[in-house]
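Take a look at the structure set out below.
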Amino acid sequence: MLIIHVQIHVKPEYLEEFKQATIVNASNSVQEPGIARFDVIQQEDDPTRFVLVEVYRDAEATVKHKETAHYLAWVETVSDWLVGPRSRVRYANIFPADQGW
């Protein structure tokens with residue numbers, strides 16, 4: 001498993017549009033065979049900040065995800081709505097070792 005946390009800061013005037021576009025992307029992403037989980041979470045004390053928690057079955061799935069039409073459309077749609085560039089942190093799963101994903 002490979003887990004990626006994508007940190008995103010959205011301009012306040014685009015919050016609802018960002019959420020809608022991101023839900024469309026996430027809904028399509030969970031249909032990809034290489035993605036075990038794809039969560040969209042919003043920070044409680046600053047609703048302009050989000051984290052995408054992406055859980056991939058292997059590193060190849062991350063490459064395939066970035067080639068999908070829904071991902072490319074999402075990037076193009078939300079880019080101007082962000083305060084700054086997205087940042088990513090990659091994690092390795094330690095425990096539980098296998099959840100049947």
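Coordinate-derived values only; no laboratory data. The structure displayed is predicted, hence computed values, not measured ones. In this analysis, Cβ positions are derived from the backbone assuming ideal geometry, glycine residues included, and neighbour counts consider all displayed protein chains.
Pairwise Cα distances in the chain exceed 22 Å in 28 percent of cases.
Each residue of region 24-32 was assigned a 3J(HN,Hα) from its phi angle through the Karplus curve 6.51 cos²θ - 1.76 cosθ + 1.60 (θ = phi - 60°); the sequence is 4, 4, 5, 4, 6, 4, 5, 7, 6 Hz, with glycine and proline shown as x. Modelled spin labels at Val89 and Lys19, positioned 7 Å past Cα toward Cβ, are 2.5 nm from each other. Taken over the alpha carbons of region 22-63 as equal point scatterers, the Debye sum produces base-10 log I(q)/I(0) values at 0.15, 0.19, 0.29, 0.32 Å⁻¹ of -0.40, -0.58, -0.97, -1.08. Label point of Arg49 set 7 angstrom out along Cα-Cβ; within region 5-33, amide nitrogens under 14 Å from it belong to 6-11. Bridgeable lysines around Lys11 (alpha carbons under 16 Å apart, same-chain partners fewer than 8 residues away excluded): Lys19.
Once C-alpha pairs closer than 8 Å and six or more residues apart are averaged by separation and normalised to the residue number of region 2-92, the relative contact order reads 47 percent. Computed extension length for His9-Arg57: 14.6 nm, one decimal, from 0.36 nm per residue of separation with the Cα-Cα distance subtracted.
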